[in-house]
Each structure stands twice: as C-alpha cells, then as structure tokens.
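The values are calculated or read from the model by the stated rules, or taken from the named source; none is laboratory data. Every value quoted in this text rests on a predicted model; they were computed, and no experiment measured them. We place every Cβ from the backbone using ideal geometry, glycine too, and count neighbours over all the protein chains shown. Heavy atoms of the whole protein, side chains included, go into the accessibility calculation; ligands, DNA and RNA do not. Shrake-Rupley method; radii C 1.70, N 1.55, O 1.52, S 1.80 Å.
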Amino acid sequence: MRLTSTLGGLNAVTRDEALQFKARWKAVNDLVAEEARNTTPALKLRQLALMYEAGQSFGWTKGLEEGEAEVRERWRRLREMLHV
C-alpha cells in the first residue's frame, strides 16, 4: 500500500511514478515528431490552409492585420540593411 501526502491540494507522487510519467510523454512527443517528419509537404500545406481558414472564421486575423504595416516596414528595413 502506498501512502500519499497532500501538498497544496495535490497528491504527491513517487520518484518512480514521475519517471514513468516522463517516459510516457517522451514516447508521445517522439511519435508526434516522427509523424511530422513523415508528413508530405502537400499535406502540411493543406493543414496550414485549414488552420488559416479556421483563424479567419473565428475572427482571429483582425488583430494580426493591425500590426501588419509595422512588420512589413521591419522587413523592408532589414532588406535595405542587407542589400537584398
């Protein structure tokens, strides 16, 4: 039987449990990274387009438009400084 103490309303975990938790999340992250490496550029582009459309439909792009002129000016100055 495992005795647990409560710290700030949370149950304490053993070192072993913490290591198992960390190992499980490493496995998840490794799988996500592998899927990203194996995803074709065409699929990545479709996913990006879907995210863009979703952002527009939720009205999230309005805030981005406000700073667009400033960003364009920064890029213009960089190109000018680098002579490109």
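Summary of computed values
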{"quantity": "Every residue from region 39-61 that is among the β-branched types (V, I, T) and in a helix (DSSP H, G or I)", "calculated": "T61"}
{"quantity": "Residues within region 30-61 that are of a type in the set (D, E, K, R) and exposed (fewer than 10 other Cβ atoms within 10 Å of the Cβ), tallied", "calculated": "2"}
{"quantity": "Qualifying positions in region 7-18 - open to solvent by 80 Å² or more (accessible area, probe 1.4 Å) and part of a helix (DSSP H, G or I)", "calculated": "R15, D16"}
{"quantity": "Breaking point among (1) at negative phi; (2) part of a loop (DSSP other than H, G, I, E, B), for A36", "calculated": "(2)"}
